[in-house]
Amino acid sequence: MPEEIREAVSPFLDMNYEKLVLDAEKMKSIYGGDIPIVPPDQYFPVYVQAETGCSWNKCTFCRLYRDRTYGVRSLEDFSKHLHSIKEFFGKGLAARRSVFMGDANAVNIDQKVLLQMLDMIQSEFNLPIFSFVDAISTQKKKSEIHFQEMREHGLKRVYIGLESGDPSILRIFNKLMNVSEAINLVNKIKGSGINVGIILMAGAGGKKLYRNHIDNTASVISQMDLGKGDIIYISPMYEYEDTEYYNVAQDLGILSSDEKLKQIDELKAKIREEFQDFNGKPLECPIAPYDLMEAVY
């Protein structure tokens, strides 16, 4: 940029930067900090916070919710929260096409309260609603009828962090579920008419459990009632040094970036093959990339 043009526009650039800083601080005040994560197809929703943090928050590889205490908003507080979001975004809401209800597992909220929250979201924004679900506690707490009620109140799709279908990897991750529970949960949600997003990790289990991860994950996915409107995401795993998983990952053998990309391709092929063999028909939902480092709001 020529110097004379830079001098002419710099005051406006400075003003815009200052506005962005103020907007960022305002958003943090609305959400109590940064928004941890959203799925790739939900990078531009209206994010509403029915609960803060993660009710489990003990997965050894995860550090997304360390900075916040778990809690569910009261209906009164949630109403104020929604109004503050509308005030903040103003006319910009017209560009949003969905609502993401966070943080980690909002659908696990007491059913009566949850349905009221869904109604409040619909009343304020009149958009389809999406959310995360954990496969650890939700299977025991929510029935297919519960999910049918959620669908009737606007819930469109939920996203489940399966990570792997290998039981030994799930134990290492401290995800206290068995794979049959994960399969049952997905099929229960599908039976309600809600779509699902399944999130897997390339590199889970390292080199030592490389083949187990591919084969057992594909086997589990093949037993899920997946179809049009669903999606499978595969993200390369990040072995953070400040997580419990890191030392275990060293012993298992951490995959390089290229090896993780290779495993993504192998997972895709094996999932499609297993699904076809088990169901007698091809998998109709896409298998898409998901980079957790980019999955920010």
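How much accessible surface does HIS81 have with a 1.4 Å probe, in Å² rounded to 10?
10
Hey, what did segment 167-297 get for relative contact order, percent, Cα under 8 Å, at least 6 apart? Walk me through the numbers on the way to the answer.
Details: 163 pairs, mean separation 40.2, N = 131.
After rounding, I find 31 percent.
What distance in nm lies between label points placed 7 Å from Cα along the C-beta direction at ARG66 and LYS141?
Going from the ARG66 label point to the LYS141 one covers 2.4 nm.
How high is the relative contact order of the chain, in percent, counting Cα pairs under 8 Å that sit 6 or more residues apart?
On the way: 468 pairs, mean separation 51.6, N = 297.
Relative CO of the chain lands at 17 percent.
Please compare each pair in LYS112/LYS281; LYS80/LYS175; LYS28/LYS260; LYS26/LYS141; LYS26/LYS91 to a cut-off of 28 Å on the Cα-Cα distance and tell me which ones are over it. Kindly include the intermediate steps, with their values, before the conclusion.
Working: LYS112/LYS281 39 Å; LYS80/LYS175 34 Å; LYS28/LYS260 34 Å; LYS26/LYS141 35 Å; LYS26/LYS91 17 Å.
Among LYS112/LYS281; LYS80/LYS175; LYS28/LYS260; LYS26/LYS141; LYS26/LYS91, the Cα-Cα distance tops 28 Å for LYS112/LYS281; LYS80/LYS175; LYS28/LYS260; LYS26/LYS141.
So what is the calculated 222 nm ellipticity per residue for the chain, using -39500 (n - 2.57) for each DSSP H run with n of 4 or more, over all residues, to the nearest 500 deg cm²/dmol?
On the way: 10 runs with 135 residues, N = 297.
Mean residue ellipticity, 222 nm, calculated: -14500 deg cm²/dmol.
Please compute the per residue accessible area over the chain with all protein chains in place, 1.4 Å probe, rounded to a whole number of Å².
Details: 14190 Å² over 297 residues.
In whole numbers, the chain has 48 Å² accessible per residue.
If packing is taken as the average count of other Cβ atoms within 10 Å, what order do 101-107, 123-129 fall into, highest mean first? Can you show the working numbers first?
Values: 101-107: 25.0, 123-129: 16.6.
Listed from highest to lowest mean packing, they are 101-107, 123-129.
Return the unpartnered cysteines for the chain, using a Cβ-Cβ cut-off of under 4.7 Å.
Here CYS54, CYS285 come out as lacking a disulfide-compatible partner, given the Cβ-Cβ threshold of under 4.7 Å.
At a 10 angstrom cut-off on C-beta neighbours, averaged per residue, how do the peptides 154-160, 180-186 rank from highest to lowest? List each step's numbers first, then the result.
On the way: 154-160: 22.3, 180-186: 19.6.
Top of the packing list down: 154-160, 180-186.
Keeping all protein chains in the complex and leaving out DNA, RNA and ligands, what accessible area do you get for GLU274 with a 1.4 Å probe, in Å² to the nearest 10?
50
Over 20 Å between C-alpha atoms is what I'm after, so list which of LYS156/LYS228; LYS140/LYS228; LYS142/LYS190 land there.
Result: LYS140/LYS228 exceed 20 Å.
For a quick check: with amide H placed at 1.01 Å from N, whose amide H comes under 5 Å from ASN105's, ignoring anything fewer than 5 positions away on the same chain?
For ASN105, whose amide H was placed from the backbone, the distant partners under 5 Å are SER55.
What dipole magnitude, in Debye to the nearest 20, does segment 37-97 give about its Cα centre under +1 on Lys/Arg Cβ and -1 on Asp/Glu Cβ?
Numbers: 10 positive and 6 negative charges, 29 e Å.
The calculation lands at about 140 debye.
Taking H placed 1.01 Å from N in the peptide plane, check which residues at least 5 places from GLN49 or on another chain put their amide H under 5 Å from its amide H.
GLY102
Taking every Cα atom in segment 134-200, find the radius of gyration and the maximum pairwise distance Dmax, and write them in Å.
Rg and Dmax of segment 134-200, Cα atoms, are 12.1, 38 Å.
Could you work out the relative contact order of segment 148-218, using alpha carbon pairs under 8 angstrom and six or more residues apart, expressed as a whole percent? Kindly include the intermediate steps, with their values, before the conclusion.
Values: 70 pairs, mean separation 33.4, N = 71.
Reported as a whole number, the value is 47 percent.
Out of residues 5 or more away from LEU200 or on other chains, whose amide H comes under 5 Å of its own, with H placed 1.01 Å from N in the peptide plane?
GLU163, TYR233, ILE234, SER235
The values are calculated or read from the model by the stated rules, or taken from the named source; none is laboratory data. Computed from a prediction, not measured in an experiment: that's the story for all the values here. Glycine also receives a Cβ, built like all others from the backbone with ideal geometry; neighbour counts cover every protein chain displayed. Surface accessibility is based on the protein's heavy atoms, side chains included, excluding ligands, DNA and RNA. Shrake-Rupley method; radii C 1.70, N 1.55, O 1.52, S 1.80 Å.
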